[in-house]
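To start, the structure under review is shown below, and the notes come after it.
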Amino acid sequence: GNANGPVVQVNQGGIFTLTLSNGNCSNAQSIEVLQNFETPVVDAGGNVQIDCNTACVILNATATIGSGNLNYLWNGPNGYSSNLLNPQVCQPGNYSLVVTSQNGCTATDALLVEEQFVQLSTSLNQNICAGDCFTLGAETFCQSGNYEINLSSVNGCDSLIQLELAILDTDIQI
């Protein structure tokens with residue numbers, strides 16, 4: 001027994017009647033237990049891309065259920081996890097969202113965060129006077145010639161620059 005009365009557990013819906021008697025008297029109490037197996041509906045959103053201009057993205061998921069609260073759990077690369085419905089992510093890879101309702105029912109969906117980093121290439125012709133130097137990125141050039149310079153950004157986006165450096169003749173004839 002329990003100080004507040006007997007405890008009865010059920011695992012299905014229906015009308016249940018509890019009858020208590022002490023030999024001479026009895027008392028019956030009925031209760032209706034509703035069965036709730038409503039499953040959440042989840043959409044992780046479409047695949048998204050991160051690139052040189054967008055290093056991080058906010059995942060645009062939706063999750064609904066007729067009534068009650070939902071819990072969210074995103075899992076992704078490198079041990080990533082979040083309990084937000086729409087978290088920000090900065091790593092490429094597969095992400096899965098598990099949505100759990102108050103009744104313990106779950107729904108799952110997934111998406112791919114793709115990495116679209118491209119290398120930009122350009123040519124540069126530069127003239128300098130004799131005795132001068134030209135600096136590009138972390139490199140300094142003081143002799144004429146053709147050079148290839150690779151510049152990298154924080155996001156991993158590279159720029160390849162083809163430099164043609166010429167030294168101007170500064171001899172002035174009067």
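The values are calculated or read from the model by the stated rules, or taken from the named source; none is laboratory data. Predicted model only: the values in this text are computed from it and were never measured. Cβ: placed from backbone, ideal geometry, glycine included. Neighbour counts: every protein chain shown. Only protein heavy atoms, including side chains, enter the accessible area calculation; ligands, DNA and RNA are left aside. Shrake-Rupley method; radii C 1.70, N 1.55, O 1.52, S 1.80 Å.
Yes or no: Ile149 of a type in the set (Val, Ile, Thr), part of a strand (DSSP E or B), at pLDDT below 90 and out of contact with any helix residue (DSSP H, G or I) (no Cβ under 6 Å at 6 or more places or on another chain)?
Details: of a type in the set (Val, Ile, Thr): yes; part of a strand (DSSP E or B): yes; at pLDDT below 90: yes; out of contact with any helix residue (DSSP H, G or I) (no Cβ under 6 Å at 6 or more places or on another chain): yes.
Judged against the criteria, Ile149 is a match.
Every residue, every condition in (1) of a type outside the set (D, E, K, R); (2) under 26 Å from Pro40 (Cβ atoms), yes or no:
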{"site": "Cys56", "(1), (2)": "yes, no"}
{"site": "Thr106", "(1), (2)": "yes, yes"}
{"site": "Asp109", "(1), (2)": "no, yes"}
{"site": "Asn127", "(1), (2)": "yes, no"}
{"site": "Asn150", "(1), (2)": "yes, no"}
{"site": "Leu165", "(1), (2)": "yes, no"}
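Matching residues to (1) more than 19 Å from the chain's Cα centre (by Cα); (2) surrounded by 12 or more Cβ atoms within 10 Å (Cβ to Cβ):
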| site | (1), (2) |
| --- | --- |
| Val8 | yes, no |
| Asn22 | yes, no |
| Glu32 | yes, no |
| Glu38 | yes, yes |
| Leu59 | no, yes |
| Thr64 | yes, no |
| Asn83 | no, no |
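Filter region 130-146 down to residues that are outside any loop (DSSP other than H, G, I, E, B) and open to solvent by less than 60 Å² (accessible area, probe 1.4 Å) and give me whichever is nearest to Val57 (Cα to Cα). It would help to see each step written out before you state the result.
Initially, region 130-146 is screened for residues outside any loop (DSSP other than H, G, I, E, B), giving 134-136, 139-141, 145-146.
So of that shortlist, the ones also open to solvent by less than 60 Å² (accessible area, probe 1.4 Å) come out as 134, 136, 141, 145.
Values: Phe134: 38, Leu136: 32, Phe141: 39, Gly145: 42 Å.
That would be Leu136.
Residue check: is Ser152 small (Gly, Ala, Ser), open to solvent by 80 Å² or more (accessible area, probe 1.4 Å) and without any contact (Cβ under 8 Å) to a residue 12 or more places away in the chain?
yes
Given the conditions (1) out of contact with any strand residue (DSSP E or B) (no Cβ under 9 Å at 6 or more places or on another chain); (2) more than 19 Å from Ala107 (Cα to Cα); (3) surrounded by fewer than 14 Cβ atoms within 10 Å (Cβ to Cβ); (4) not basic (Lys, Arg), report the number of the one that Ala55 does not fulfil.
The one condition Ala55 does not meet is (3).
Please state which of the following conditions Gly137 fails to meet, knowing it meets all the rest: (1) on the phi < 0 side of the Ramachandran plot; (2) touching a Leu at 6+ places or on another chain (Cβ under 8 Å).
Gly137 satisfies all of (1) on the phi < 0 side of the Ramachandran plot; (2) touching a Leu at 6+ places or on another chain (Cβ under 8 Å) except (1).
If I ask for residues that are of a type outside the set (A, V, I, L, M), over 27 Å from Val10 (Cβ atoms) and surrounded by 13 or more Cβ atoms within 10 Å (Cβ to Cβ), which ones from region 40-52 would you list? Walk me through how you get there before you give the answer.
Applying the first criterion (of a type outside the set (A, V, I, L, M)) to region 40-52 yields 40, 43, 45-47, 49, 51-52.
Remaining after also requiring over 27 Å from Val10 (Cβ atoms): 43, 45-47, 49, 51-52.
Asp43, Gly45, Gln49, Asp51, Cys52, listed by residue number.
Test each condition in (1) open to solvent by 60 Å² or more (accessible area, probe 1.4 Å); (2) within 14 Å of the chain's Cα centre (by Cα); (3) at positive phi for Gly93 and report the one that comes out false.
Condition not satisfied by Gly93: (1).
Give me the residue from region 108-129 that is aliphatic (A, V, I, L, M) and under 30 Å from Leu59 (Cα atoms) and, out of that set, farthest from the chain's Cα centre (by Cα). Quick ask: steps written out before the conclusion?
From region 108-129, those aliphatic (A, V, I, L, M) are 110-113, 118, 120, 124, 128; that's our starting set.
Going one step further and asking which of them are under 30 Å from Leu59 (Cα atoms), we end up with 110-113, 118, 120.
Working: Ala110: 11, Leu111: 9, Leu112: 9, Val113: 7, Val118: 21, Leu120: 26 Å.
Selected residue: Leu120.
Do the conditions hold for Gln88, that is, is it open to solvent by 80 Å² or more (accessible area, probe 1.4 Å) and out of contact with any Gly (no Cβ under 9 Å at 6 or more places or on another chain)?
On the way: open to solvent by 80 Å² or more (accessible area, probe 1.4 Å): yes; out of contact with any Gly (no Cβ under 9 Å at 6 or more places or on another chain): yes.
Yes: the conditions hold for Gln88.
May I ask you to list pairs of residues, at least six apart or on different chains, whose Cβ atoms are under 9 Å apart, with the first in region 112-134 being more than 16 Å from Gly145 (Cα to Cα) and at pLDDT 95 or above and the second being of a type in the set (Ser, Thr, Tyr) and assigned to a strand (DSSP E or B)?
Leu112/Tyr95; Val113/Tyr95
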